[in-house]
Amino acid sequence: MRVTMNHTGFVVKDLERSRKFYIDGLGLEELKLFDVQSDELGQIVGYKNARIYASYLVAADGHALEIIEYKEPVTQVSDDSVQYERARTGGAHLAFFVEDCHEMWERLCSMGGKPLNPPVEVLPGMWECYMQDPDGNWIEITSDEKHNKQQFIVRQNVTMP
């Protein structure tokens, strides 16, 4: 059976703040902004009368990020005692290649990103850092000379209903 990646989803507390972070900060493109409430959605997410306000964003390579603010039930913010733990199940992250890790780190921090540590050179010419978006979702930012010289773009035809 053939499998391909569809998208990554993050739950956020404030969709408008997160749209600004991912669109203006990281440069993702918004394909669709939607507000949905239906029996089918409730069945999918496991909440009767569920309602979400969400944005479907895409990167140059075609991978998509869906950021979701629950309106019903209202998004719950994780307790700080577990929100920042990296070494626990559910501690997922989404990784991005960028042209300049340091510049992106500074930009995202100024837009509400929560730094774990500043970028570090992990291999000659390759810089990485971890941080959280304004809602505590982990992201990894990487820049490396080889990737910058040999970037490729794959963009799938994405049809949104």
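None of the figures in this text is laboratory data; all of them are computed from the coordinates on show. Here the structure is a predicted model, which is why all the values come from computation and not from measurement. Note: ideal-geometry Cβ built from the backbone for every residue, glycine included; neighbour counts use all protein chains shown.
Using θ = phi - 60° in the Karplus curve 6.51 cos²θ - 1.76 cosθ + 1.60, the 3J(HN,Hα) couplings for the range 49-64 round to 6, 4, 9, 10, 10, 9, 10, 10, 10, 9, 9, 4, 7, x, 5, 10 Hz; x is entered for Gly and Pro.
Summing Cβ point charges (Lys, Arg +1; Asp, Glu -1) relative to the Cα centre of the range 7-149 gives a dipole of roughly 300 debye.
The lysines whose alpha-carbon is closer than 19 Å to the alpha-carbon of LYS114, local same-chain residues fewer than 8 away aside, are LYS13, LYS20. If you take the alpha carbon atoms of the chain and fit the smallest convex hull around them, that volume is 150 Å³ per residue. Here the 3J(HN,Hα) profile of the range 26-41, calculated from phi with Karplus coefficients 6.51, -1.76 and 1.60 at θ = phi - 60°, is 8, x, 6, 9, 8, 8, 7, 10, 8, 10, 10, 9, 7, 4, 5, 4 Hz, Gly and Pro shown as x. Think of it as helices only: each DSSP H run of n ≥ 4 in the chain is worth -39500 (n - 2.57), and spread over all residues that comes to -4500 deg cm²/dmol at 222 nm.
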